[in-house]
Amino acid sequence: MPVLLSILTTARLTRASVALGAVADVWLVVLLTRALGNGSETGAEVLPLWFALAASALMAAGFFTFGCVLNDLLDAKRDRALSPERPIPAGLFPPRDAVLLASGCLLCGILGALGFGSRATAIALLLALAILIYDAAAKYVPAARLVLFGALTGISMLVPNGNFPYAIILAVAMLQSIATATAAYMVEGKRPQLTPRAKFFLVLGVLLMLTATFAATYESSGSREFLPSGMTWQASLLPASIFVAGCIYLHFAARVKCEGDEHRKRGDRIYRRGALWRAMTASAWLLAAGLAVEAALLATVASLGFGAMAVLRSLVPAPDAPPKWR
């Protein structure tokens with residue numbers, strides 16, 4: 001039981017189940033690049049499949065968990081008052097060990113990116129800088145926090161292939177990240193709240209981010225293809241329907257009334273389901289492109305990962321939060 005508790009504590013600190021969504025997004029880029037290609041001879045195309053998938057998973061999970069652990073380290077003092085059930089303030093994970101874990105996660109992310117070449121490494125370093133900006137400053141401004149959270153998804157997807165030509169796929173993944181983070185932000189009752197002014201800047205930031213994504217993608221790849229070759233508009237309705245269904249769920253989930261510690265629990269649940277939503281959408285993109293085997297592979301790995309985390313949480317329930325003064 002102590003071993004299981006240690007594993008669960010580490011998984012809670014790194015948000016391992018949510019990291020599976022980031023891995024699914026990156027695998028989508030790798031698998032589409034290998035199957036459809038754009039003649040750029042990127043690492044994702046020339047590397048052995050097993051190596052490309054392993055390196056991209058290491059990169060995506062490494063940077064995601066680095067950002068999560070760094071966030072908890074910087075918020076340790078605040079969490080002692082507002083969220084004492086978190087692993088660091090609860091004494092389940094010493095700050096010194098958390099520093100070592102964050103450093104190890106960052107190293108894993110960089111090592112994973114190195115396998116795709118020098119350009120991928122440069123994009124990975126940009127991703128690390130963006131994570132630092134997010135954790136140190138941007139997360140305290142609602143609009144900047146949510147827009148940058150989505151931008152982090154897009155940057156990580158470009159690491160295996162900086163010339164990825166399908167901007168619509170990047171845009172959908174970024175919008176999913178923003179929608180999930182916004183719903184969790186609202187249900188957790190974060191401060192400062194999303195005022196009408198903050199929502200205006202959020203929408204403006206999203207529009208600017210999407211415009212920059214399409215412009216940069218077209219400029220770097222030289223392609224004007226809106227959808228992968230061979231994918232019809234009718235086939236694209238499959239990922240589109242999953243995207244819309246997820247948005248509807250988040251719309252209602254963000255308005256659930258919570259009391260006490262239920263805010264944080266529901267927020268964590270939204271993040272986990274949002275990660276599963278991203279994995280399902282990534283699998284649907286592959287299926288729509290006629291890559292049934294690749295879609296089955298991604299869906300199977302994601303299902304096994306989410307299932308393993310659910311079993312672990314059921315075997316070792318998270319500790320109750322310490323008593324709070326009301």
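Using only side-chain charges placed at the Cβ, +1 for Lys and Arg and -1 for Asp and Glu, the dipole size of the chain relative to its Cα centre rounds to 1120 debye.
Please arrange C105, C247 by counting, for each residue, the other beta carbons lying within 10 Å of its beta carbon, fewest first.
Working: C105 22, C247 15.
Arranged by neighbour count, lowest to highest, C105, C247 become C247, C105.
Screening the chain for whole DSSP H helices with an alpha carbon extent of at least 24 angstrom along the helix axis and a mean Kyte-Doolittle hydropathy of at least -0.5 yields 16-36, 49-74, 95-114, 118-136, 142-158, 167-187, 196-221, 233-253, 292-315.
Ordering C68, C108 from the fewest to the most neighbouring beta carbons within 10 Å gives C108, C68.
Based solely on its DSSP helices, what 222 nm [θ] is calculated for the chain when runs of n ≥ 4 H residues each add -39,500 (n - 2.57) and the sum is averaged over all residues, nearest 500 deg cm²/dmol?
Details: 13 runs with 246 residues, N = 326.
Calculated at 222 nm, the ellipticity per residue is -26000 deg cm²/dmol.
Set the Förster radius R0 to 22 Å, insert the Cβ-Cβ distance between A296 and W50 as r into 1/(1 + (r/R0)^6), and round the FRET efficiency to 0.05. Let's see the in-between values first.
Details: r = 16 Å, r/R0 = 0.75.
Given R0 = 22 Å and the Cβ-Cβ separation, E is 0.85.
Counting every other Cβ atom within 10 Å of each residue's Cβ, Y140, Y271, Y218 order from fewest to most as Y140, Y218, Y271. In the range 180-258, the convex hull through the Cα atoms has an average projected area of 7.0 nm², a quarter of its surface area.
Take the alpha carbon gyration tensor of the range 2-315, find the square roots of its eigenvalues, order them as a ≥ b ≥ c, and report rounded if a/c is under 1.5; if not, report prolate when a/b exceeds b/c, else oblate. Judged from the Cα gyration tensor, the range 2-315 comes out prolate (a/c at least 1.5, a/b above b/c).
No value in this document is a laboratory result; all are computed from the given coordinates. As the structure is a prediction and not an experimental result, all values here were calculated from the model. Counting neighbours? That spans all protein chains shown, and the Cβs are built from the backbone with ideal geometry, glycine included.
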